[in-house]
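The values are calculated or read from the model by the stated rules, or taken from the named source; none is laboratory data. Every value quoted in this text rests on a predicted model; they were computed, and no experiment measured them. Here the Cβ is made from the backbone with ideal geometry for all residues, glycine too, and neighbour counts use every protein chain on show.
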Amino acid sequence: AQARLAQAQRMEALGQLAGGIAHDFNNVLQAVGGGAKLIEDSADNPSRVLRIAGMVREAAGRGSAVTRRLLAFSRRADLRAEPLDVRDLLESMQEVLAHTLGGGIRVKLEVEAGLPQMLADKGQLETVLVNLATNARDALSGQGTIELSAAAALIAGEGARRRPQLQPGAYVRMSVRDAGVGIPPEVLAHVSEPFFTTKPRGKGTGLGLAMARGFAEQSGGALAVESELGRGTTVSIWLPAAEEDLRKPHRSIADVPVPAQ
Ligand code: ADP
């Protein structure tokens, strides 16, 4: 219970960090945009243009600092992949989510029997699953069932053509499914871009899916979002299955082949 509390606090801290980054970045963009507008209005005043250009350059410098903070916290070197039992992980997530998502949400598990272990950073994966489940909760307006499922996925032949972002091989696919509001096609194309959000100010950071995708790709896997307006959304993450020769605990993810972009 203590470990779960620590995990929940860590997630809260991550959420606050992400919120802070979004806020800081927004301020930088406003300074750059406002500066550009002032320059446009000052075409006949070269010394004023130069002064404002200096301000814009400083704002861009602050933007770089924000980006460095973001990169530092999602650094590839921070990922510590270890072989994980999918059922154990999802069962403990089910319990964590029951506490964090609120009383109106039921979390249902659907885990295929005989799954291979998967190779991933446990803490980061848990954070990602909490983010996905929180999105599902929001899509359900806090009332309904979220399904967490896991199945083995062998990427070869036809499957490899359908999932070009994955190298051929054995994976575990985990999905978070909701029968919530769904996502219109023109929005779906952008959902995993950093800072993209449709939520009201102060509610969404637009980093949840971007971080989830970054995590999946850096782990040698992939992320996909499928959705139908009015019917619901399924977010799937493929992570490499731990093979015999990979079953060394705390193997660095940098050693794991990552698919070409
Ligand atoms: P945030 O949740 O902070 O907005 P995300 O990157 O997690 O950031 O999500 C980006 C956007 O994708 C959301 O604002 C929402 O429009 C859409 N989205 C994500 N997950 C779902 C879902 N399960 N159902 C409906 N829309 C979703």
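For the range 37-59, the candidate set comprises residues that are loosely packed, with under 13 Cβ neighbours inside 10 Å and aliphatic (A, V, I, L, M); within that set, the residue that is modelled with the lowest pLDDT is A43.
Which one is nearest to the chain's Cα centre (by Cα) among residues in the range 107-128 that are hydrophobic (A, V, I, L, M, F, W, C), closer than 23 Å to D178 by Cβ and not in a strand (DSSP E or B)?
V128
From P200, P168, grab the single residue that is over 16 Å from the mean Cα position of the chain (by Cα), surrounded by fewer than 19 Cβ atoms within 10 Å (Cβ to Cβ) and closer than 28 Å to V28 by Cα. Before you say what the answer is, go through the steps one by one.
On the way: P168 fails: closer than 28 Å to V28 by Cα.
Testing whether each residue is over 16 Å from the mean Cα position of the chain (by Cα), surrounded by fewer than 19 Cβ atoms within 10 Å (Cβ to Cβ) and closer than 28 Å to V28 by Cα leaves just P200.
Considering (1) part of a loop (DSSP other than H, G, I, E, B); (2) over 23 Å from G144 (Cα atoms); (3) touching a Gly at 6+ places or on another chain (Cβ under 9 Å), the lone condition that F215 does not fulfil carries the number (1). Before we move on, is L166 touching a residue at least 24 places away in the same chain (Cβ under 8 Å), of a type in the set (A, V, I, L, M, F, W, C) and within 11 Å of the ligand (Cβ to nearest atom)? So L166 fails the test. Among the residues of the range 188-231, the one identified as near the ligand (Cβ under 10 Å from one of its atoms), modelled with pLDDT of 95 or more and farther than 16 Å from L132 by Cα is L229. When restricted to residues that are among the charged types (D, E, K, R) and modelled with pLDDT of 95 or more, the range 113-137 contains 1. Number of residues in the range 208-238 that are touching a residue at least 12 places away in the same chain (Cβ under 8 Å) and over 25 Å from L84 (Cα atoms) equals 7.
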